[in-house]
Structure formats: C-alpha cells, structure tokens
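Step one of this worksheet: look at the structure below.
The values are calculated or read from the model by the stated rules, or taken from the named source; none is laboratory data. Quick caveat, the model's predicted, so the values are computed rather than measured. All Cβ positions, glycine included, derive from the backbone under ideal geometry; neighbour counts span all protein chains shown. Remember, those area values only see protein heavy atoms, side chains included, never the ligands or the DNA or RNA. Shrake-Rupley method; radii C 1.70, N 1.55, O 1.52, S 1.80 Å.
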Amino acid sequence: MHVMITGVAGFIGSTLAMRLLARGDRVTGIDNMNDYYDVTLKEARLARFMDDPGFRFVKLDISDRDGMSRLFSENQFDAVMNLAAQAGVRYSIENPASYVDANLVGFANVLEGCRHGGVKHCVFASSSSVYGANTKQPFSEHHNVDHPVSLYAASKKANELMAHSYAHLYGLPCTGLRFFTVYGPWGRPDMALFKFTKGILEGTPIPVFNKGNMIRDFTYIDDIVEGVVRVIDNPPAGDSAWQGDKPDSATSYAPWRVFNIGNGRPVKLMRYIELIEETLGKKAILDLMPMQDGDVPSTVADTSELGKAVGYQPNTTVDEGVPRFVDWYRAYFS
C-alpha cells in the first residue's frame, strides 16, 4: 500500500510513518516544517526513518494548491492520512488566520487531490474539541456537535462536513478520527505533559488551568497509532439503514464515518501531575490559573464504535505511559 501522510514530522504523523514502514508499506510524507514549535524536534523525529527505502519526504504546505495538485498528479496513493493542521485550542484565539489556511484551505486541497487522484480512502484528524459546549459524557459520535467553543474546534467540525460532501458527491470514502489528548515519547512541546515535565525538572512554576479541576481522556501514542492503522485498512461503506428523517451524526448513506479515538479511562489532571512527580522524584510548583477561553473542563471518550468497527482496544494506562514519556524526555534532552 502507498500511503500519503500529511504532517509527517509531527508527533502522530512520524510515529504512524514508522508503523506503516515497519509492515512494508510505502509512505510519502509531507510537512511544511513550520516553527509553531521547535523545528529540531521535528527533524529528529524524521531522522528515525528518513533513510528507509520505502519513505519519501516532500517539504510542502497543504495550503499550497498548485503544489498539492502536482503531488497528487505525479503519484498514485492508495490512502491518505491527513494530520497536517494548525493545532492548539488557545493559539486559535491569538492567530485565527493560520487555522483558516491550514485547517480549511489545506484540507480542501487534500480532498481535491484525493478526488482527482483516485484515492481509495481519505482518513483525517478531527478532534475531541468538536464536542464544545456538550456536557453529556462520555462523548459519543452520535451526539450533536454544533456548539464549538474555539475556532480550532470549529475548523475540525468543518473538516467533517467537507469530507461528507466529497463522500456524497464523488463516492470518496472518508473517515474522521476525533483524537482525545494524545501523549507519549516524541510528543509536542505545547502539550501539558511536555510542559509539566520541563517545569518540574527546571524548578519553575507549571500552569495548571481551572485550578487543576480538569479531567482528560489521555491516550498513549502507540494505542492511537494502532487504531489509525486499523482505520486506514478499513474504508467505510454507506449505511443503507441511515434515515434522513432521523439523521445519525456518526454515520451516513455516503461512504463516510467519524470515530472517537481515545482511551475511555479519564484521569484527573492532578493525578497526571502526581505521576510525573513520582517518576522524576521531584515536586511540582503549581501555578493555579482560571479556565482558559476555548477550553473545556472535561473530555471522556466513548470508543465503543471504533471497537466494533475495527477491534480498537487501547490498553496503556497513564501509570505506564507517563514514565515512558519521562524516560524519553530525559534521554532526548540529556
């Protein structure tokens, strides 16, 4: 199988590339290598597999319409995994234009490439952020998600709608994955685990929003990638039982699906911090702060649909995953 991964220098993208290459797939990875965070970390991720004969890297921004068109016309991809995006809930308040360019314009270019390139399955990253103002938990794909509380969340909801239109118009099989707080080795520096570990080691205060009264569905990177691979291998078919007078937001008459991909075992933020402290043997200095605009106090995933569809069963607890990250962090930063 020849798979294109956008955002291949990212946390999930690079780990996914290694997994696909290990099983013998060809991977074309694209990334614009922007400086949203440390580019040397992105380069180090790529260095792990850059010399693999099955891998090809293309430096390209998905918002470059002509460049994306050329890439699709010069290659035949069996599947596309779109992970390239401007990430971060809080940053979307500071720099909304970057979300429009990457998450909307860029994704439109991906869909057009898949349409004209005969791609058999377009898988794309959505986010648990789409649940927005919803309070009924665990979050289910069957819940309405029409009340986002950040532009980032709105852009991910828009991706789901855009993909559905292409599934309807052109029969393009599309699957959206709503990621829930992914963590682990080679993670993003703007994520909580990275910031907390860094702050504790340096003896500087760590920002703890909503004064620590937060719950997250922390999901280990290896579990995430296993789920993504299974989804790539199983493009959706339309559901003949779908009814327009009783629309189900998780499925469609078109070849389109959305799935939660999380752990299903929520953890209190303060317990997460305690695990880092225990692993490092050092106490954190907490800077207890109010809730940030665009954030939500709790995310809990119902992953039963993904389990039924592809046998997804995450099995890494934070008690196992956090020490693995800390060990990687100390080795990487010496």
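What the table shows:
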read-out: For the chain, the longest site-free run once trypsin sites (Lys or Arg not before Pro) in DSSP loop states with at most 10 other Cβ atoms within 10 Å are removed; value: 137-334
read-out: Cα-projected label distance for residue 52 with residue 237, points at 7 Å along beta-carbon direction, nm; value: 3.1
read-out: Relative pair counts by distance (%), Cα atoms of the stretch 1-142, 5 Å bins; value: 2, 9, 19, 21, 19, 15, 9, 5, 1, 0
read-out: Axial C-alpha extent at least 30 Å, average Kyte-Doolittle at least 1.0 - helices from the chain (DSSP); value: none
read-out: The stretch 266-310: equivalent-ellipsoid semi-axes (sqrt of 5 x gyration tensor eigenvalues, Cα, Å); value: 29, 18, 6
read-out: Interatomic Cα distance distribution for the stretch 156-227, bins of 10 angstrom, percent; value: 16, 32, 28, 17, 7, 1
read-out: Cα gyration tensor of the stretch 47-120 - equivalent ellipsoid semi-axes, whole Å, descending; value: 24, 17, 10
read-out: Paired Rg and Dmax values of the stretch 66-198, which use every Cα atom, in angstrom; value: 15.8, 48
read-out: Long-range HN-HN contacts of residue 139 with modeled amide H, under 5 Å; value: 300, 301, 302
read-out: Approximate shape of the stretch 221-308 as ellipsoid semi-axes (Cα gyration tensor, √5λ), whole Å, largest first; value: 37, 18, 9
read-out: Reach of residue 268 by Cα under 13 Å, taken over aspartates and glutamates that are not fewer than 8 positions away in the same chain; value: 217, 319
read-out: Alpha-carbon spread of the stretch 185-262, three principal axes, descending order, Å; value: 58, 29, 14
read-out: The chain: Cα Rg divided by the 2.2 N^0.38 Å rule of thumb; value: 0.96
read-out: Antiparallel content of DSSP bridges confined to the chain, in %, to 5; value: 5
read-out: Percent carbon-and-sulfur accessible area, the chain, ignoring ligands, DNA and RNA, probe 1.4 Å; value: 52
read-out: Whole-number accessible area per residue in Å² for the chain, which is evaluated in the context of all protein chains at 1.4 Å; value: 42
read-out: Quotient of C-alpha Rg and 2.2 N^0.38 Å, computed over the stretch 201-241; value: 2.10
